[in-house]
Amino acid sequence: MILKSRTDVVQLHQEELEKIKSYDCRILVCSGTGCVASGSEKIYQAFADIVKDEPGISLEFAPHDEGAHVGIKKTGCQGFCEFGPLVRIQKGRHVIQYIKVKPEDCSVIFNRSVKHDEIVEDLLYKQKDKVYKHPEEIPFIARQTRVVLENCGTYDAQSLSEYLASGGFSAFCKALFDMEPADVVEEIDKSGLRGRGGGGFPTGRKWKQVAAQEEKTRYVVCNGDEGDPGAFMDGSVMEGDPYKLLEGMMIAGYAVSSQEGYIYVRAEYPLSVARLRYAISELESCGLLGDNILGSGFSFRLHINRGAGAFVCGEGSALTASIEGNRGMPRTKPPRTVDQGLWGKPTVLNNVETYANVPKIIQNGAGWFRTIGSEGSPGTKTFSITGAIENTGLIEVPMGTTLREIIYDIGGGLKDGAEFKAVQIGGPSGGCLTKEHLDVGLDFDSVKKYNAIVGSGGLVVMGEDTCMVEVARFFMSFTQRESCGKCTPCRIGTKRMLETLERIVDGKGQLEDLEHLEKIAYFVKENSLCGLGKSAPLPVISTLNTFRDEYIEHIVDKKCKSHTCTALKVFKIDADKCVGCTKCARNCPTGAITGEKKKVHTIDVAKCIRCGACMEGCNFGAVYVD
């Protein structure tokens, strides 16, 4: 169907909404990357095969049939990634959440929950002896505020029809027919929306700067190059609700009088690329993208570029250079992207989550958006929570939500009841927050006080058994490897910091290394060309400030109390537990263990290469790390 007017969109919205309401049951199979990796495609196919062969059950919508109508849908990420594959059974307003579903479970779910109103209790989420039937009851989900992710887990991720049924493109129509471009820019500015890609720059101010340019050729660019280890927020939006991102970009295009947009997607996100391409083709086919959209006189087209596989391409000027076919390297500023961005033209550059907030703001107004979050950082923020946490996954909470709420109320605390030690926030270019920061609200301004950044929203939770020196070394290794090498402070500074950290974890550090490390870190932070270099030292600075005692322990005592750093491990044998079975001696590749049969053995530290074979092979727990 070609949509030629706003009336067509409204009519199709009503038709699709009625179609969804007509289903007796909808089987919602999570098809986010995490669940796909754990087998959700097989789950979807198993349900499809069952429905196809079931008498009296209609899979397709047929309003005059007497049989029950069952819809099997591939939804976006339902967020509860720890427990995938995830399946929801929806009957009207009632939804049942099943976890860790296997293909062989599908017939049981169908016969009991689809055909009847029974519950398969073995597949329900349980926490502290409490069983949860419905997703809105599960603390992980119930304590979230979903704006950007509200359609994920509820609607078919690829279906334009279902996006229209959810109210999709009503905001675009409102902007196109009820507002002037300047009004749209002003509404975004009044909302206080700040860029969700890390810097937190006011979105409305950026749009105003582009709209005010004399140059009439302008571009709208989306940064989907999510390169932080442990981060998958933008990827989940692109694959789980692609039309919302596209609608946000289309509104931005109208607001700044641009006719072309580009989405730069991380190369490692094939599912995001596939679903965005499909969504764009659907919009082009129905007339929502192209020339004279809905008869309004506004024309807009969208293109996809796959990332170059470099972390630095997440920086604005490097990203636009990569789209142009050049090597992705940052350039000096000014001129800034708003003045001379893609192909030297004024460019609006925001990340996925930022654009995905736009439709709701236009539809509900800036005042509504400001009722969520904090004064200086309105709205919500998506976070991926990983590491030593009970419930890993994707969440969305109001800006200003505390770490304590995220880790304990939503995440369920640390695994096995471990003590919380720190969280790495903002990815490899972020910083560490500790116990003393548990009640700090996570927003753009608050975390800066502690040498950290919200970044794109990756949270890596660490327990007491984590070595913070090794954490700093790991993230410095990543940023040093990803440095483009253009500016000396970043190219050489990160290398020198990494070398110093490697000496320390190898037990070869000196106390003067700490002063040297700190001096270089601040120099790199203040003098690097782009955001990557300026934020690369933050993990080092924050761990030095908070966990200096661990650095000193590594240097002075030559010990790593978490037993993480291999070079500092000292293997010993407990004389009270050793029975002289000789297994450890036989397993030792260097002959470092000696002793007679049925007598206590000893380890020659000078010969020991710290491989751990002795400890792994001991059946009596006699070998330990001092």
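Tell me, please, whether a residue that is under 25 Å from MET238 (Cβ atoms), in contact (Cβ under 8 Å) with a residue 12 or more places away in the chain and assigned to a helix (DSSP H, G or I) can be found in the stretch 390-399.
Scanning the stretch 390-399, I find no residue that is under 25 Å from MET238 (Cβ atoms), in contact (Cβ under 8 Å) with a residue 12 or more places away in the chain and assigned to a helix (DSSP H, G or I), so the answer is no.
Could you look through the stretch 98-116, keep only residues that are among the polar types (S, T, N, Q) and free of Cβ contacts under 8 Å to residues at least 60 places away in the same chain, and pick out the one that is surrounded by the most Cβ atoms within 10 Å (Cβ to Cβ)? Walk me through how you get there before you give the answer.
Applying the first criterion (among the polar types (S, T, N, Q)) to the stretch 98-116 yields 107, 111, 113.
Among the residues that remain, those that are also free of Cβ contacts under 8 Å to residues at least 60 places away in the same chain are: 111, 113.
Working: ASN111: 14, SER113: 20.
The residue in question is SER113.
Within the bounds of the stretch 139-146, is there any residue that is surrounded by 17 or more Cβ atoms within 10 Å (Cβ to Cβ), of a type outside the set (Ser, Thr, Tyr), within 19 Å of the chain's Cα centre (by Cα) and farther than 21 Å from LYS74 by Cα?
So far as the stretch 139-146 goes, yes, one or more of its residues are surrounded by 17 or more Cβ atoms within 10 Å (Cβ to Cβ), of a type outside the set (Ser, Thr, Tyr), within 19 Å of the chain's Cα centre (by Cα) and farther than 21 Å from LYS74 by Cα.
Of these, VAL131, VAL95, which one is in a strand (DSSP E or B), without any contact (Cβ under 8 Å) to a residue 24 or more places away in the chain, more than 24 Å from the chain's Cα centre (by Cα) and surrounded by fewer than 23 Cβ atoms within 10 Å (Cβ to Cβ)?
After ruling out the rest, the residue left standing is VAL131.
For the stretch 552-585, which positions are farther than 13 Å from ASP506 by Cα, in a loop (DSSP other than H, G, I, E, B) and not aliphatic (A, V, I, L, M)?
LYS561, SER562, ASP574, ASP576, LYS577, CYS578, GLY580, CYS581, THR582, listed by residue number.
Scan GLY367, GLY376, GLY309 and give me the residue that is touching a Lys or Arg at 6+ places or on another chain (Cβ under 9 Å), assigned to a helix (DSSP H, G or I) and not aliphatic (A, V, I, L, M).
GLY367
Could you say whether any residue in the stretch 287-296 is in a helix (DSSP H, G or I), surrounded by fewer than 18 Cβ atoms within 10 Å (Cβ to Cβ) and without any contact (Cβ under 8 Å) to a residue 12 or more places away in the chain?
First pass over the stretch 287-296, keeping only residues in a helix (DSSP H, G or I): 293-295.
Remaining after also requiring surrounded by fewer than 18 Cβ atoms within 10 Å (Cβ to Cβ): 295.
Then drop every residue that is not without any contact (Cβ under 8 Å) to a residue 12 or more places away in the chain, which leaves none.
No: zero hits.
Could you tell me which of the residues THR543, THR582 is β-branched (Val, Ile, Thr) and in contact with a helix residue (DSSP H, G or I) (Cβ under 9 Å, 6 or more places away or on another chain)?
Residue meeting the stated conditions: THR543.
Output the residues belonging to the stretch 607-626 that are assigned to a loop (DSSP other than H, G, I, E, B) and either in contact (Cβ under 8 Å) with a residue 24 or more places away in the chain or surrounded by 16 or more Cβ atoms within 10 Å (Cβ to Cβ) (or both).
Taking the stretch 607-626 as the starting set, the residues that turn out to be assigned to a loop (DSSP other than H, G, I, E, B) are 607-612, 618-622, 626.
Selection gives CYS608, ARG610, CYS611, GLY612, CYS618, ASN619, PHE620, GLY621, ALA622, ASP626.
Go through the residues of the stretch 446-465 one by one and say whether even a single one is part of a loop (DSSP other than H, G, I, E, B), of a type in the set (Asp, Glu) and closer than 18 Å to SER377 by Cβ. Steps first, answer last, please.
In the first step, residues of the stretch 446-465 are kept if they are part of a loop (DSSP other than H, G, I, E, B); the result is 449-457, 464-465.
Now drop any that are not of a type in the set (Asp, Glu), which leaves 464-465.
Filter again for closer than 18 Å to SER377 by Cβ, leaving none.
No.
Give me a count of the residues in the stretch 6-49 that are of a type in the set (Phe, Trp, Tyr), in a helix (DSSP H, G or I) and in contact (Cβ under 8 Å) with a residue 40 or more places away in the chain.
The number of residues fulfilling the criteria is 1.
A short reminder: the numbers here are calculations on the coordinates, not readings from a lab. All values reported here derive from a predicted model rather than from experimental measurement. Ideal geometry is used to build each Cβ from the backbone, glycine not excepted, and the neighbour counts take in all protein chains shown.
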